[in-house]
Amino acid sequence: TLEADERNERIVQAKAELGNDVVILGHNYQRQEIIEHADFIGDSYQLSKQAANAEAKYVVFGGVTFMAESADIITEDDQTVILPSMEASCPMAGMAEALQVDSAWSEITAETDADIIPITYMNSYADLKAFCAEQGGLVCTSSNAHKAFEWAFDRGDKVLFLPDKHLGENTAYRLGMEDQTVEWDPWDPASKDASKAVENDIILWDGYCQVHERFEVKHIEAIRAHNPDVNVIVHPECPREVVEAADKSGSTAEICRTIEAASPGDSWAIGTEVHLTHHLQRWHPDVNVLPLCGDACMDCNAMRQIDPNYLTWVLEELVAGRERNVIEVAPQEKELAQVALNRMLEI
Ligand code: 13P
Ligand code: SF4
């Protein structure tokens, strides 16, 4: 482990030596020591667009595995995507495995002649994205889920949404389809009644984010009790009742835009991963930015795995001509997953 000053110098030095050969992307939830070296900072949709436009030979991704996989799918074959830690895996993405979804799909489609379109949240692995493409579906992020649903209902009768039930439910509300949802819990035989599921237009896979699921309405009530003028914005991975109690909800990019547009002296409580709240406090010192639930618990362990020492290591290894922690999607999955991602980029 290096001292911060030495580490920063080494990162700056390695980046300078690599020049235009490297671009560093940083998700909004990355810690400050990563964000300060990122060439682009954004939400998962913005970063997927940055990856698509990147010309650098190496894309070093400050984010989690599914984001780096998506970057590998979108970038050219002669570009290499590097994730500073292979341990940075989003637990939600692991909640819908392609094989498991495939077997649920067979059960559900056997019960109906209706056209079902699968939509997977970006927070999923490439094999599931490929599965969705194969079945006529697409990928979405939290900033375009409603558009993906509209796209699907233009082409089919029903949607299977994976893996985040909360984003799915919040999107159903946004589209006025809240009474048309049903949950599908792949681990609970009692909830897996395909004939009942197909009576609804939106089937929600029972996945969730361990960070956002911990926000509760009582956190909003408590912060309002102490700060009567506070506005509350939360991420749509939060449960429905939390989104409903908040003043606003949106992707991490939407949360950033909201604070950018705030007037000096305004107060905003943020219901999302706490590193973004801290960045917003630093970037907008004239706005009173508060973590909705204190600092203690709303920290994403997967994002935290990207340690600045690992960033130093992968960059210095590139300078030495060695590619470490390369994220490479298998060619057969890559082609199909790209179809699902392109459908999203086109809407
Ligand atoms: P965004 O797409 O809003 O950046 O969110 C990604 C994520 O992992 C939220 O938990
Ligand atoms: Fe996954 Fe939640 Fe972390 Fe986002 S905050 S990367 S959804 S675990």
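If I filter region 114-128 down to residues being within 15 Å of ligand 2 (Cβ to nearest atom) and not polar (S, T, N, Q), which single residue comes out as nearest to the chain's Cα centre (by Cα)? Among residues in region 114-128 that are within 15 Å of ligand 2 (Cβ to nearest atom) and not polar (S, T, N, Q), the one nearest to the chain's Cα centre (by Cα) is Met122.
When you check Thr109 against the structure, is it under 23 Å from Asp179 (Cα atoms), more than 21 Å from the chain's Cα centre (by Cα) and not assigned by TED's automatic domain parsing to the domain that holds Ser44, yes or no?
Values: under 23 Å from Asp179 (Cα atoms): yes; more than 21 Å from the chain's Cα centre (by Cα): yes; not assigned by TED's automatic domain parsing to the domain that holds Ser44: yes.
Spelling it out, Thr109 is indeed under 23 Å from Asp179 (Cα atoms), more than 21 Å from the chain's Cα centre (by Cα) and not assigned by TED's automatic domain parsing to the domain that holds Ser44.
Scan region 94-108 and tell me whether some residue there is under 19 Å from Pro236 (Cβ atoms) and modelled with pLDDT of 95 or more. Yes, there is a match, as at least one residue in region 94-108 is under 19 Å from Pro236 (Cβ atoms) and modelled with pLDDT of 95 or more. When residues in region 1-40 are screened for being over 18 Å from Gln305 (Cα atoms) and part of a strand (DSSP E or B), 3 of them pass. Of the candidates Ala56, Ala126, Ala16, Ala93, the single residue that is surrounded by fewer than 24 Cβ atoms within 10 Å (Cβ to Cβ) and either under 22 Å from Trp187 (Cα atoms) or touching an Asp or Glu at 6+ places or on another chain (Cβ under 9 Å) (or both) is Ala56. Return the total of residues in region 129-156 being in a loop (DSSP other than H, G, I, E, B), buried (at least 22 other Cβ atoms within 10 Å of the Cβ) and away from ligand 2 (no atom under 16 Å from the Cβ). So the answer is 1.
Is there a residue in region 31-47 that is more than 16 Å from ligand 2 (Cβ to nearest atom) and over 21 Å from the mean Cα position of the chain (by Cα)?
Kept after step one, since they are more than 16 Å from ligand 2 (Cβ to nearest atom), are these residues of region 31-47: 32-33, 36-40.
From what's left, over 21 Å from the mean Cα position of the chain (by Cα): none.
Checking region 31-47: not a single residue is more than 16 Å from ligand 2 (Cβ to nearest atom) and over 21 Å from the mean Cα position of the chain (by Cα).
So that you can scan it fast, the table gives a plain yes or no per residue for (1) in contact with a helix residue (DSSP H, G or I) (Cβ under 7 Å, 6 or more places away or on another chain); (2) at pLDDT 95 or above; (3) hydroxyl-bearing (Ser, Thr, Tyr):
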position	(1), (2), (3)
His219	no, yes, no
Asp229	no, yes, no
Cys238	yes, yes, no
Glu241	yes, yes, no
Thr258	no, yes, yes
Ala261	no, yes, no
Pro264	no, yes, no
His279	yes, yes, no
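Determine whether Val230 is hydrophobic (A, V, I, L, M, F, W, C), away from ligand 1 (no atom under 13 Å from the Cβ) and without any contact (Cβ under 8 Å) to a residue 60 or more places away in the chain. Against the criterion (hydrophobic (A, V, I, L, M, F, W, C), away from ligand 1 (no atom under 13 Å from the Cβ) and without any contact (Cβ under 8 Å) to a residue 60 or more places away in the chain), Val230 does not qualify.
Taking into account only those residues within region 286-342 that are of a type in the set (D, E, K, R) and within 30 Å of Val243 (Cβ to Cβ), which is farthest from ligand 1 (Cβ to nearest atom)? Among them, the one singled out is Asp286. Any residue in region 241-263 that is more than 19 Å from the chain's Cα centre (by Cα) and on the phi > 0 side of the Ramachandran plot? Checking region 241-263: not a single residue is more than 19 Å from the chain's Cα centre (by Cα) and on the phi > 0 side of the Ramachandran plot.
Counting only residues that are acidic (Asp, Glu) and without any contact (Cβ under 8 Å) to a residue 24 or more places away in the chain, which one in region 288-326 is surrounded by the most Cβ atoms within 10 Å (Cβ to Cβ)?
To start, the set of residues in region 288-326 that are acidic (Asp, Glu) comprises 295, 299, 307, 316-317, 323.
Add one more test, that the residue is without any contact (Cβ under 8 Å) to a residue 24 or more places away in the chain, and what stays is 295, 317.
Details: Asp295: 10, Glu317: 15.
Ranking the qualifying residues of region 288-326, first place goes to Glu317.
Look at region 204-222: where a residue is over 17 Å from Gly168 (Cα atoms) and not assigned by TED's automatic domain parsing to the domain that holds Leu290, no partner that is within 16 Å of ligand 1 (Cβ to nearest atom) and among the aromatic types (Phe, Trp, Tyr) sits 6+ places away or on another chain with Cβ atoms under 9 Å. Screening Met95, Met86 for residues that are of a type in the set (A, V, I, L, M), within 14 Å of ligand 2 (Cβ to nearest atom) and either touching a residue at least 12 places away in the same chain (Cβ under 8 Å) or under 17 Å from Leu204 (Cα atoms) (or both) leaves exactly one candidate, Met95. Put simply, of Arg174, Arg155 the only residue that is more than 19 Å from Thr109 (Cα to Cα) and either of a type outside the set (Val, Ile, Thr) or outside the structural domain of Ala104 (by TED's automatic domain parsing) (or both) is Arg174. For region 19-27, indicate whether the set of residues that are under 19 Å from the mean Cα position of the chain (by Cα) and of a type in the set (A, V, I, L, M, F, W, C) is non-empty. Taking every residue of region 19-27 in turn, at least one turns out to be under 19 Å from the mean Cα position of the chain (by Cα) and of a type in the set (A, V, I, L, M, F, W, C). For region 204-221, the criterion of being of a type in the set (S, T, N, Q) and closer than 18 Å to Ile119 by Cα is met by none of the residues.
Within region 41-81, work out how many residues are under 12 Å from Val22 (Cα atoms) and not in a loop (DSSP other than H, G, I, E, B). Adding up the residues that qualify gives 7. Give me a count of the residues in region 88-128 that are within 14 Å of ligand 1 (Cβ to nearest atom), touching a helix residue (DSSP H, G or I) at 6+ places or on another chain (Cβ under 7 Å) and assigned to a helix (DSSP H, G or I). Of the residues in that region, 1 qualify.
The values are calculated or read from the model by the stated rules, or taken from the named source; none is laboratory data. Being a predicted model, the structure only gives us computed values, none of them experimental. Methodologically, a virtual Cβ is constructed for each residue, glycine included, from the backbone with ideal geometry; neighbour enumeration extends over all protein chains shown.
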